[in-house]
């Protein structure tokens, strides 16, 4: 029960905290189908799955890397992702990707995307470890 309440509170906080990020910033929101189209077209993408490692291991978008959304994730994305890359975030439902995408935009990254509805909006193939 505590875990469910904590997750709900975190989700609500993220929703409130990120409400204006995509409006003010340039994080481009795309559907899962649009991401699949970019992949099918052979676009060079860095897909960043920000869910917990156990969920990532259970099933993630082919080629995605895992940078879990947590206390140090904002620093990690700045240190580990190249501003010249086309970066696509995916999370549980969207807000965490908006948040991290906003961090990149504020730091000069220009080609940043977030999948609307996160993994809920992805109907393509999954790989597991």
Fewest first, what order do 61, 105 take by the number of other Cβ atoms within 10 Å?
105, 61
For the range 35-102, compute Rh as the Kirkwood radius over C-alpha pairs and then the Stokes-Einstein diffusion coefficient at 20 °C and 1.002 mPa s; write the answer in µm²/s, rounded to an integer.
174
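Rule-based calculations on the coordinates, nothing more; no lab input. Model, not experiment: these values are computed from the prediction. With ideal geometry, Cβ positions are generated from the backbone for all residues, glycine too; neighbour counts draw on all protein chains shown.
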